[in-house]
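A.B. asks: I have a structure here, written as structure tokens, and I will follow up with some questions on it.
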Amino acid sequence: MWRTRIINLQFPVQIYRSPHDVLQLIVMGLGILEDTKLEHVPGTAMLAEIQRSTTEAIAASASAIDTSALKHDKSGQLVLVPQPSDSPNDPYNWPRWKKELFCLAYAFGCGAVGAVGPLLNPALVQASAEFNVSLSTFNEGINGALICCLAAGTTILNGLAVVIGKRPVYLLSSIVCTATCFWAANGTYFPGNCLIVASSIASVDAFRSVQGFFMAPFEGLVPGSIADVWFVHQRGLRSAIFNLGVLGGINVAGPISGSIYQNYGFSSLYYGMAGGFILMGLLVFFFMPESCYHRSTVYNFDISSHDARPFRIFN
């Protein structure tokens, strides 16, 4: 026999007579304890103005957070988070066209590195036979080495970007990815039906390892660049474009690369990919200036969680 068990979720027991009471039920339900010490939750940002006319309790909390001194968007309804400085060099103050070209550059770059990863997947069986190695051995070099080095590159190059800036890391990534494609195209090629390999399968393992390591910035560093250039309420679309670039490159590359490999061979495949990376490098050089910018702490909304008055700097 089934029995219904009623769980006490610490809801108030009074009848809800106002919108504020219902709001409290929705927001602080499911046993979530309401904070009584801080005026805002660290790691969150207030985007919309708090309407003082809704309820008495919300009005009380709004009185402690005066947003009149903060910068807003053109509509005057959204608080800009993070707060931009007054410098024209601040990426948050860049003109719209400059930001959109920045977006175009990293979108193409993400598509290029997304494509080069699974570039040989449609031809793994044929390529392993032409290299005279087993399928598993060839796959370990062409995909396994790349993925392992991609993980290492994400950690190391992202840390390097913090020290020297993101732009040099993006440029280095473009140059090395281009070089590894020429390495692949010239180190392994097919004159007629005869396979000539510069260093056999070791050459494949080496160039894919280097390639994977320097692909990392366009897969792990771009979200940080998005946060450098766009406000919180603008990042959703740009993050979607980033994901579209990476996933689009991964999914579109297969049918195209399989056809090129079948008709023109291994070297032509990587020569074509080298052209894509050259274009990526040009876009990075001309349209991706350094986005790291050191702002005064006065513009920092989310200061220490031990500070009970995070907005007092504007009062």
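A.B. asks: Report the trypsin sites (Lys or Arg not before Pro) located in segment 74-164 that are in a DSSP loop and have at most 12 other Cβ atoms inside 10 Å of their Cβ, or state none.
C.D. replies: For trypsin sites (Lys or Arg not before Pro) across segment 74-164 that sit outside H, G, I, E and B with at most 12 neighbouring Cβ atoms in 10 Å, the list reads K74.
A.B. asks: Just subtract the alpha-carbon distance of N158 and Q262 from 0.36 nm times their residue separation and send over the number in nm, one decimal.
C.D. replies: 33.7 nm
A.B. asks: Modelled label-to-label distance, S134 and E100, 7 Å Cα→beta-carbon offset: nm?
C.D. replies: About 5.5 nm separates the two model spin labels.
A.B. asks: Report the label-to-label distance for V232 and R295 in nanometres (one decimal), using points 7 Å from each Cα along the Cα→Cβ vector.
C.D. replies: My value for the distance between the label points is 1.1 nm.
A.B. asks: Output the Cα-based Rg and Dmax of segment 93-287 in Å, rounding Rg to one decimal and Dmax to a whole number.
C.D. replies: Calculated on Cα positions, Rg and Dmax stand at 17.2, 58 Å.
A.B. asks: Sort 144-155, 285-296 by the packing proxy (mean of other Cβ within 10 Å over each peptide's residues), most packed first.
C.D. replies: The packing order, highest mean first, is 144-155, 285-296.
A.B. asks: Suppose the Debye formula is applied to equal point scatterers at every Cα of segment 229-293; what is log10 I(q)/I(0) at q = 0.14, 0.19 Å⁻¹?
C.D. replies: Per q value, in the given order, log10 I(q)/I(0) is -0.62, -0.91.
A.B. asks: State the percent of C-alpha pairs, over all pairs in segment 71-122, separated by a distance greater than 11 angstrom.
C.D. replies: 76
A.B. asks: Scan around H72 for amide H atoms under 5 Å from its own, H built in the peptide plane at 1.01 Å from N, and keep only partners 5 or more places away or cross-chain.
C.D. replies: Placed amide hydrogens put L80 under 5 Å from H72.
A.B. asks: Separate question: Of the options I201, A240, C110, report the single residue whose Cα projects farthest towards the positive end of the charge dipole of segment 93-287 (beta-carbon charges: Lys, Arg +1; Asp, Glu -1).
C.D. replies: Value: A240.
A.B. asks: Kirkwood hydrodynamic radius, computed over distinct alpha-carbon pairs, for segment 123-193: how many Å, to one decimal?
C.D. replies: 14.4
A.B. asks: Let me ask another. Mind ranking 160-171, 79-90 by how tightly packed they are, going by the mean number of other C-beta atoms within 10 angstrom, highest first?
C.D. replies: Peptide ranking by packing, descending: 160-171, 79-90.
Each value in this text was obtained by applying a stated rule to the coordinates, not by laboratory testing. None of these values were measured; they are calculated from a predicted model. Don't worry about glycine lacking a Cβ; one is built from the backbone with ideal geometry, like all the others, and counts go over all protein chains shown.
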